[in-house]
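As C-alpha cells, the structure follows; a few thoughts come after it.
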Amino acid sequence: MAYQQILAPILEKEALAANIYRMVFSCKHMAKAAVPGQFIHILPQGKTLRRPISICAIDDDMGTMSIVFEVKGEGTRTIAQQNPGETMDILGPLGHGFTLLPDAKKVVLVGGGIGNPPMLSLAQVYGAKAVAICGYRTASIVTLQSDFTASGAETILCTDDGTAGRKALVTQPLEEILAAGGVDMVYACGPRPMLRFVAETAKRYQVPCEVSMEERMGCGIGACLVCACQLEKEGKSVMGHVCKDGPVFRAEEVVW
C-alpha cells in the first residue's frame, strides 16, 4: 500500500446541505495513485488525531481529489472551517478500494446517506454501465444528484419519507434490477444494516457484491488495531482491520 503525507492546497469548498460539505484538493501524485473506495486521513488544525474521509471523486487529468463529509464532531467541524487557499495535512490514499471490472456490462452502485459520495467515483469510472441507487432519509440532505447524472450513470433517488425521488428503501429498486438479470457486480457503502440487506439481496440473485465498511480509526495504516472487524475466510473466523484490509470487503467475508 503506497501512500504519502502532504499539505494539499484547498481549491474549492461548497456547502451541499446542512452540515455537509464538499472540498476539492490539489494533490497530483495522490490523485494518480488513488482508486475508488479508498480514503484519506485528514489532520484537523490544532488536533492530534486524524479523521478518515472517503474519496468522493478523482480527477487524474487535473490532479485533484474531492471529499464530501458531514460535520459530526469537533474534528470535522474544524475541517469544515478551512477555506480555499489554505492547505490541509492529508495522508493517503489509504485502504483497499473496490474491484473494477473493465469488461462489465452492468453494475449497480448502492449508497446510503453519507455513503453516497464514495459511489460517485465508481459512477465516473463505469458511466452508462452503472445504475446508481442513492438513498437518503429526506429531501433536505439529498446531495450529488447532478454529479451522478453527469457521470452518465442511470440514477435512482430514494428517500425514506418520499420527499424526493421514490419513497423506498434502496433494496427495493436493487431487487427489481437484480431480478431483471444481467448485473455483473453490486457495490455498496452506507450504514451497516443497509449493507447487510444489500449483501443478502445480492446473494439471493448470485451476484458478486463488495461493501465499504465504516469503523472508528486511529492511525489509518493498520498499526493501532482500533478499527477491528470480524470476517470469515476459508471457513474460519478472523479479525480484520478496516483501514488496512478494507474499507472494501467482499460481502460474503463480513460477519454481519
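The values are calculated or read from the model by the stated rules, or taken from the named source; none is laboratory data. The structure presented is a predicted model; accordingly, all values stated were derived computationally and were not measured. Cβ coordinates were reconstructed from backbone atoms using ideal geometry, including for glycine residues, and neighbour counts include every protein chain displayed. Side chains are part of the model used for accessible areas, which takes the heavy atoms of the whole protein and leaves out ligands, DNA and RNA. Shrake-Rupley method; radii C 1.70, N 1.55, O 1.52, S 1.80 Å.
For Lys13, are the conditions met, namely being of a type in the set (D, E, K, R) and at pLDDT below 95? Against the criterion (of a type in the set (D, E, K, R) and at pLDDT below 95), Lys13 does not qualify. Can you confirm whether Pro117 is over 12 Å from the mean Cα position of the chain (by Cα), buried (at least 24 other Cβ atoms within 10 Å of the Cβ) and modelled with pLDDT of 95 or more? For Pro117, the condition - over 12 Å from the mean Cα position of the chain (by Cα), buried (at least 24 other Cβ atoms within 10 Å of the Cβ) and modelled with pLDDT of 95 or more - is not met.
Looking at the stretch 100-123, can you tell me whether even one residue there is of a type in the set (S, T, N, Q), more than 20 Å from Gln206 (Cα to Cα) and not in a loop (DSSP other than H, G, I, E, B)? The answer is yes; a qualifying residue exists. Scanning the stretch 1-15 for residues that are free of Cβ contacts under 8 Å to residues at least 60 places away in the same chain and not in a loop (DSSP other than H, G, I, E, B) gives Glu14, Ala15. Note on the stretch 34-49: residues that are outside any strand (DSSP E or B), open to solvent by 40 Å² or more (accessible area, probe 1.4 Å) and either more than 19 Å from Pro117 (Cα to Cα) or basic (Lys, Arg) (or both) amount to 5. Evaluation of Val71 against the conditions (1) within 25 Å of Ala2 (Cα to Cα); (2) under 20 Å from the mean Cα position of the chain (by Cα) shows that the sole unmet condition is (1).
Met185 fulfils the conditions (1) open to solvent by 10 Å² or more (accessible area, probe 1.4 Å); (2) touching a residue at least 24 places away in the same chain (Cβ under 8 Å); (3) over 19 Å from Phe98 (Cα atoms) except for a single criterion, (3).
The C-beta contact set for the stretch 205-233 (first residue open to solvent by less than 70 Å² (accessible area, probe 1.4 Å) and of a type in the set (Phe, Trp, Tyr), second residue modelled with pLDDT of 95 or more and assigned to a strand (DSSP E or B), distance under 9 angstrom, 6+ apart or interchain) is empty. Of the numbered criteria (1) in a strand (DSSP E or B); (2) modelled with pLDDT of 95 or more; (3) surrounded by 17 or more Cβ atoms within 10 Å (Cβ to Cβ); (4) not aromatic (Phe, Trp, Tyr), the one Asp89 fails is (3). Output yes when any residue across the stretch 140-151 is out of contact with any strand residue (DSSP E or B) (no Cβ under 8 Å at 6 or more places or on another chain), in contact (Cβ under 8 Å) with a residue 12 or more places away in the chain and open to solvent by 30 Å² or more (accessible area, probe 1.4 Å), and no when none is. The answer is no, given that none of the residues of the stretch 140-151 is out of contact with any strand residue (DSSP E or B) (no Cβ under 8 Å at 6 or more places or on another chain), in contact (Cβ under 8 Å) with a residue 12 or more places away in the chain and open to solvent by 30 Å² or more (accessible area, probe 1.4 Å).
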